[in-house]
Each structure stands twice: as C-alpha cells, then as structure tokens.
1. Summarise the accessible area of the chain (1.4 Å probe, protein heavy atoms) by the percent that is carbon and sulfur.
2. Working out 0.36 nm times the residue gap between Thr189 and Ile207, then minus their Cα-Cα distance, what length gain in nm do you get to one decimal?
3. Please list, in order along the stretch 145-155, the HN-Hα scalar couplings obtained from phi with the Karplus expression 6.51 cos²θ - 1.76 cosθ + 1.60 (θ = phi - 60°), rounded to whole Hz, x for Gly and Pro.
4. Which of the aspartates and glutamates could a cross-linker span from Lys139 if the Cα-Cα distance has to be under 12 Å and same-chain partners fewer than 8 positions apart are dropped?
5. Through the Karplus equation 6.51 cos²θ - 1.76 cosθ + 1.60, θ set to phi - 60°, convert the phi angles of the stretch 22-38 into ³J(HN,Hα) values in whole Hz; use x for Gly and Pro.
6. Using helices alone, I'd like the mean residue ellipticity at 222 nm for the chain: each DSSP H run of four-plus residues gives -39500 (n - 2.57), total over residue count, nearest 500.
7. So which lysines pass the test for Lys51, namely a Cα distance under 24 Å, with those fewer than 8 places away in the same chain ruled out?
8. Which lysines does Lys185 reach when only Cα atoms under 16 Å apart count, and residues fewer than 8 places away in its own chain are ignored?
Amino acid sequence: MNNFIFLGPPGAGKGSLAVKVAEAYKIPHISTGDIFRANIKAQTPLGVKVKAIIDSGSLVSDELTFELVKDRLSQDDCKNGYILDGFPRTIRQAEMLEELAADAKVVNFEIKDEIVIRRLSTRRVCKSCGANYNTLTLKPKKEGVCDKCGGELYQRDDDKQESILHRMDVYREQTEPLINFYKGKGKITNLDAAIETDVLLKEFQKIF
Ligand code: AMP
C-alpha cells in the first residue's frame, strides 16, 4: 500500500514533491493547508472560522483538522494510497491518525532554517489553481501570472516575515517531536530536502 505521510518544516518542499509523487504513483495529494485555503477562498463557515488562525501561522485545532482528514481518507480515490502533506502536525494528531493509517510510511524532509526562510519569503502561489512558484528559483514565464492556468500569483499572508518565524517556532515546538514518535515505531525515512524537486523525486523512487 502506498500510504505516505510527508513530515517537515514549512518550506521544506513537501507540497512540491507531493505533486510529483501523486502523478508518478497515481495517488491523491492531500494537503490540509490547501483544503483550508480552498475553504477560505470560498468563504465557507469553516474558512471564515480558520482564516485568522492560518494567516497568523498558528495551528487549527486537532479535532477539527482530524475530522477533515478522516473524511478525505474515506473517499474512494484513497483506496490505493495517498500522500498526506501537512498532517499530522502534533502528537495528538499523529495518535488519532494511527487508528486510520497504521501502515503509512513517514518521509521526513530534512532542511536548514535559512533555506526554509529564503524559500518561504520568495514563494508565490496561484490564486486560481494553487500552483507554487518562486521568485528566485521557479519563475513563471510571465511575471505574476500562472503558467498552468493564467491565474494571478500572490504571496500567502502566512509567508510574510512575521508569520514565517512564528510558523517555524510552531513547527519546532509541536511538529518536530513527531520525528521521535515515528522513529520509535520504525516508520521513518529521512530525505535531504535541500535538493531540487526532480532530483528528490528520483531519490524517492529509489526508496519506495
Ligand atoms: P501549510 O499549507 O501546510 O503550510 O498549512 C497552512 C496553515 O494551515 C498552517 O500554518 C496551519 O494554520 C493550517 N494547518 C494545515 N495543516 C494543519 C494541521 N495538520 N493542523 C493544524 N493546522 C493546520
């Protein structure tokens, strides 16, 4: 079964690799951040509730986030596997997920803080399709315009300097302990996430 959990700090490249792995392994890429952002954009009750939390870089509650994931994993397209990107982010979430995904393989993205800060502060995202770009390393053909759908590119509120530093603290305090949690269960594989996504995909395919 190809059930993967992508673990690592914000800006480690989990989402970028997940897009490629999803394509190569024909499994869905499930990003809790993307689900929240889609709800914020559509101004659903959930979106209205979580917007301020997400903009500040703090975490949405464990119960609410787990319910979303549980519902998503119960859908048909997850039968042959999935990639969880950005979930779990706390020990409590990981414990709840064990009941649903005890067989999942955990991929830990290892990366230095200064690379994370540079990547996040230069990240741009398409307002329409959510594709990621970077003003230094992954420029669109036309500035400010998505190559894939022509949508407008913008900087996420939580990619502004103050939120970036807060998200890194949140990661260190609440998410990093998951490395030991999964190590203890013998489920973790480390990846050097400083390398370019296509090269990283090849590494990933060698392992899995
Ligand atoms: P991401 O796109 O993964 O960086 O997520 C963006 C934001 O969504 C995070 O900073 C949190 O506010 C929220 N979020 C995403 N996943 C989770 C999660 N597993 N638990 C709590 N909040 C989350």
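1. 50
2. Taking Thr189 through Ile207 to full extension adds about 5.6 nm, to one decimal.
3. 10, 5, 5, 7, 10, x, x, 7, 8, 9, 9
4. The qualifying aspartates and glutamates are Asp147.
5. 4, 5, 5, 9, 6, 10, x, 9, 10, 10, 5, x, 5, 4, 4, 5, 5
6. -13000 deg cm²/dmol
7. Lys14, Lys41, Lys70, Lys127, Lys160
8. Candidates past the 8-residue exclusion: Lys105.
The values are calculated or read from the model by the stated rules, or taken from the named source; none is laboratory data. Nothing here was measured: the structure is a model prediction, and the numbers come from that model. Positions of Cβ are backbone-derived with ideal geometry, glycine not excepted, and every protein chain shown enters the neighbour counts. The protein model used for the area step is the full one, side chains on, heavy atoms only, and it has no ligands, DNA or RNA in it. Shrake-Rupley method; radii C 1.70, N 1.55, O 1.52, S 1.80 Å.
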